[in-house]
Each structure stands twice: as structure tokens, then as C-alpha cells.
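The values are calculated or read from the model by the stated rules, or taken from the named source; none is laboratory data. Just so we're clear, the structure is a prediction, and the values are computed from it rather than from any experiment. Every residue, glycine among them, receives a Cβ derived from its backbone with ideal geometry; neighbour counts consider all protein chains shown. We work out accessible area using only protein heavy atoms, side chains counted, and drop any ligands, DNA or RNA first. Shrake-Rupley method; radii C 1.70, N 1.55, O 1.52, S 1.80 Å.
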Amino acid sequence: MVGVSDAQILQMPGAEDSQTGEVAVPGDGPSWSDQVGLALEFLRHRALGEYRVDAFGFDPELNDSVLMAALRPLYRHWFRVEVRGIEHIPAEGGALVVGNHAGTIGLDTAMVQLAILDEHPAHRHLRTLGGEFLFSLPFVGMLARKAGATLACTPDAERLLRAGELVAVWPEGYKGTGKRFSERYRLQRFGRGGFVSAALSTGVPIVPCSVVGSEEIYPMIGNARLLARLFGLPYFPITPTFPWLGPLGVVPLPSKWVIEFGEPIDTAAFGSAAADDPMLVFEITDQVRETIQHNLYRMLVRRRGLFR
Amino acid sequence: MARVVLVTGVSRYLGGRMARILTDDPAIERVIGVDVVAPTGDIGGADFVRADIRNPIIGKVLATAEVDTVVHMGVIATPRQAGGRTPMKEINVIGTMQLLAACQKAASVTKLVVKSSTSVYGAGPGDPALFTEDMEPRHPPTGGWAKDSVEVESYVRGLARRRPDLTVSTLRFANFLGPTANTPMAQYFSLPVIPTVWGYDARLQFVHEDDGLEVIRRATVEAHPGIYNVAGEGVLSLSQAIRRAGRVEVPIWSPLVGVAGRWVRRGGFADFSPEQIRLLTHGRAVDITRLTTRFGFTPRFTTEQAFDDFVHARRLNNVLSPDLVSGAETVAGRILSGWSA
């Protein structure tokens, strides 16, 4: 894995008219003055608003140069994420990644996004779907949109898939992230199968994604319902360190993560009219859920330990 | 097809310009402009009738002039334009009811064009990225101009039901911006420091005034029944727009935004109504596929171009100008390159 953050910064448009510093030493990577020039170029874009945001609020420049770069140390050094089956993610065209959701605050979405950006040969952007609650939150909702997330609803999912984007959804929602530690790696109900009808109507493959390691980062041993209601949250987590240790309690435990993408499930063969067949939608929903659950159990059996 | 056209809201900038555009069309015999107050600007060759659309006199105008096309641009966006929220609501809602009642009675009327707003979709965290014309609002507007627009549209639907022979075009416009239109958004972006809601960055869309007027003109002289979203392609995020305008953003903690909004409004600096605040918090964008395909018009200005045209025409770029930023970049580059030497 080469320094993707550097690579992304080099790709930024308008870099050729940078007039700072001397001539670069050939064959020796970007020189200090070139790097300074590029960084200032980036800052100038940001200061003058000279960048593009798509209809969903995705800001690729900010995402690649700042947001993903900020998460990369967590990904590489803290969780030491290992990725398997990346070849199951298509190099182009629409596809729907469906994953298990865990870990109290849902860091798994960001880690899967970064896994595909860094490890996939095409360095694809993963467009994640989130609940309404996420977008009602200040800062978190804003950053999620800038990182390519949008509301988990049929119109948005289908619009992204039709545009050939790689989309991801975590159908367990808050039931997945807010479950007790004793229920770890047990998949919760998979919503109403809306994601399956979106995949059927656009004819894109569904790629099951199983994540091991995410459950242990904040082992939720209790839920303070009263506090949750007070703050308008879906749940208020109590972990061995939170809220007892204050700010230290928000440091996630350094569990070892494995992200595994399974064999894609083809939906194009059913035809787009199949999206209106609730029986088929339920069947495929169950099939996807069973696949992810099965892979999780298999990965857990082979696991050497929580932290290595 | 349109011979005699009646335009409401003609004393304000967009209505006046629309009247001018229509009088320049040789196929149109007569343009009648109606408003509560006398026009301050040029309305071209249009005949002005000072009539409150809130009273039944409008019916007599329609009948005696044998009006065949009514262009309703009389919905007011801010209380300041009407002298308070109560007269604003009366002009918007009761005025529209009177106008539509008159249209229903007048046999000569065959076409109705209504300037509505994308604000009917509301704004909130549960909104899809882009609204199409068939979608119901997830967070329906609760007050102000947006709610008036919802009510106006519902009366228009009622009329279309009762007079199925009418060609009714409902045009939902994104916020107008351009070199001259003095819209609430134009006032907002002209503030030297721009208050925003802390922790949120709304997606915004604008329609250039020339494009907006062209859509109304085509709906008037051609036949485009139905509801159409009208906006420049693409979106700008609020923070990006502020930077492009060379302004300084002042984020305000959301519980205090309401108070700050009242303060800004009372000071007469800009309209910062609760509806506007919701828009500036959660943003809103619409799908214009129906406009480009069925209506057959693609706005010449994208959202970004409409905004830039507004910024350049008003010479807004004076607080944090591109020259200043480029200068700072050059100086910082020299200093930092010097370090390594």
C-alpha cells in the first residue's frame, strides 16, 4: 500500500500553474517546494470555493485529501484492518455493498469506505447510505455528506446506482450499532428489504460484506434509556470505559479488524419488475443476511484473538 | 396562442421585466400589468392597472380586456415587501384565491402560469438529495412564504380540477439570483459577514434570473401543462458559496440562530426567517429532468454560474478577494520554500 494521500494530492487540478519554489529534482519524488506548492494550491481552492460538490453534497477533494487521510492512521495502525475478497467489488458500474453494522458509533462504515478506496485497484469511492438521525446531527451529518453519504431512501439509492456508483448500506441500522456486547456478531433484523428492491430495480449486484473486529471497539454493556431520551438519541451507550473515564472513554479499543467481501449476488437476471415482488425481495434479503452471518461465524472461528 | 396576457406582481423587479419581455413579443397584442402599488421600474408597453388582487375588481379586468393568459407572479417572498406578515399572507393567499376565482369565471382565460417555489418541498434531515415533482415533502413547511406557496399551489390544483380545459403550468423555482434581482438570497450573500448554522452545510441551488424569466416566457407563449422544477444544474454548498463570494462566514450555535435571525431581520439587513434558516441548515436541491426533457429547456446558467454572475455583477468579492488569497499563497510559498533551502 503506497501513500494514497500523497497520490491524491498530486492529482489535484491546476497543479501545473503553481509558481512557488524551484525546479523539482527528477526521479526523487515530489520535492519539498513542490509539496508546499501543492498544499498551498489546495488551501487556495478551499479558501476560494473552487471545487465541486455533487448533488448529494459529496466533496471528493475534501474527502480524499482530508477526511480519509484523517481516518487512515486509525485504519492502518489502530485497527490494522485486513481486507479479503476485494476482487468481488466490480471495477466499474453500480453495485450495492451490504454489511453488518456494529460498534456503538458505526466506525465500520468509514473503515469499509477506506478499505475500498485504498485497497481496490480502481480506488473507488464508496457512497454510503445513512439514517435520518445521522443527518440531523451537527458536524457528523455534515461530514458524512461531504464524505459521500446520503439518506438511506429509495430515490437516493436508485439515483446513485443508476449513475454507476458503488453504494453501501447497513440494513440493521441503529439496531446493529446499539446492541449489547453479549449479542455481538448476531445480525439484527434487516429493515424492510428496501435495499434489495433498489438493487433489483437497477439490476446491480449485491456484494455481502462481513466485518470482524468492529464489535469490540466499544463493548456496550448497558444502555441508559433515560439519558438517551433526554438527548434525543436512539440509545445512550455504557461501556467499560464510557462515560466513566470521561474523554478517555471515547478512545476505541484496538481490536484487530478483518473486512471480507463475499461473492456478488446477481440481481439483473430477475429483471427490474422483480422489485415489485415482495416475496422475492424477502427471499433475497434473507439470502444476503444468511450469507453475511455465515461468513461472520466462519471468520470468528478462525480468529486468533481479539487484538492480534 | 397568447394574445392578451395579464401579469400580476408587475411592480416588482421580476414581474416588471416579465412584462417588458412579453410586450416585445409581436405575437402578443396586449400586456396588462397588475399590482397593489405603482411600478417603480420600466414595465415596457404594458398597461398598468393598479388593483389589489385581493378584491373582485380583478374579475372585471379579466372580462373587459378578454384576457386569455394569466401569469401569476404576485406571491411575495418577504414580509418587508408587503409591510408585515399579515398583509403578506393576505396578498399571497387571499389574493391568489381571488385571482383564481376570477380566472374560473372568465371564459376567455385558457392558460394560467404560476410562479411557485421549490420551498414547497420544505427542508430537513430526512429529505432525499434531489426532489422530483411527484415527491411529497418529508418536512412540510410550517410558515412564511413556503407555506403560502404550498397553499397557492393547492388552490391552483383546485382550479385545474374545476376547469379541466385550462392549461395550467406550475413552475417551482429555486432561489433567483443574478446581476439585478434583489431577492432574499441576494441580500443574504451581500452581508459582509454571513451568519450560518454551526455544524451544518446546506446544499443550495440557484436559478439565474434570465433563465427563470425565459421559462415563464415559454410557459406563457407555448403550452406546457404540469408542474416543473426550475433550477440551475448542480449544487453549491453554503460554505463554498460564501467563499466564492469572498465573504466571511460566522457560524452561530443552532439554539441561538433563531434569536440572531430576528436580530438581523429587525435591523433590516436581510431576511432571516425560520423557513430561510431551515433552508440554510439542511439545504434543498431538486431534479430538473422533467424541465430539460418534457418542457425542453436547459438553463443556460448552472447553479455555480448563476452564483458567480451574481457575485461579479455586484462586485461582492471585496472582503476576501481572489487576489488577496493568491497573494497570500505566493508569500507563504516563498517563506516555506526558503525554510528547506
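Annotations
- Placing +1 on each Lys and Arg Cβ and -1 on each Asp and Glu Cβ, with no other charges, gives the protein assembly as shown a dipole about its Cα centre of roughly 2240 debye.
- Cα gyration tensor shape of the stretch A:194-308, rounded if a/c is under 1.5, else prolate or oblate by comparing a/b with b/c: oblate
- Averaged over its residues, chain B has an accessible area of 40 Å² per residue, based on protein heavy atoms and a 1.4 Å probe.
- Surface share of carbon and sulfur [accessible, 1.4 angstrom probe, percent] for the protein assembly as shown: 58
- For B:ILE194, B:ILE277, the ranking by accessible surface with the largest value first comes to B:ILE277, B:ILE194, using a 1.4 Å probe.
- Over the protein assembly as shown: Kirkwood hydrodynamic radius from C-alpha pairwise inverse distances, Å: 27.4
- Counts of other chain beta carbons within 10 angstrom of each beta carbon in peptide B:233-244 average 4.
- Taken about its Cα centre, chain B carries a charge dipole of about 740 debye when Lys and Arg each add +1 at the Cβ and Asp and Glu each add -1 at the Cβ.
- A:ARG303 contributes an accessible area of around 50 Å² to the protein surface, as traced by a 1.4 Å probe with all chains present.
- Between the alpha-carbon centres of the stretch A:206-258 and the stretch A:44-106 there is a gap of 21 Å.
- Heavy-atom accessible area buried between chains B and A is around 2900 Å² (1.4 Å probe, both sides summed).
- Average beta carbon contacts from partner chains per residue of B:303-310, 10 Å cutoff: 1
- Size of electric dipole in the stretch A:165-219: Cβ of Lys, Arg +1 and of Asp, Glu -1, about Cα centre, debye, nearest 20: 280
- Solvent-accessible surface (1.4 Å probe) assigned to B:MET73 amounts to roughly 10 Å².
- Computed over protein heavy atoms with a 1.4 angstrom probe, the accessible surface ordering of A:TRP170, B:TRP145, A:TRP78, largest first, is A:TRP78, B:TRP145, A:TRP170.
- With 21 Å as the limit, the listed pairs B:LYS60/B:LYS105; A:LYS146/B:LYS115; A:LYS175/A:LYS256; B:LYS89/B:LYS147 have A:LYS146/B:LYS115; A:LYS175/A:LYS256 beyond it between alpha carbons.
- Across the protein chains, with a 1.4 Å probe defining accessible surface, the residues B:PHE307, A:PHE231 rank A:PHE231, B:PHE307 from largest area downward.
- Only protein heavy atoms count here; under a 1.4 Å probe, A:ARG308 has an accessible surface of about 150 Å².
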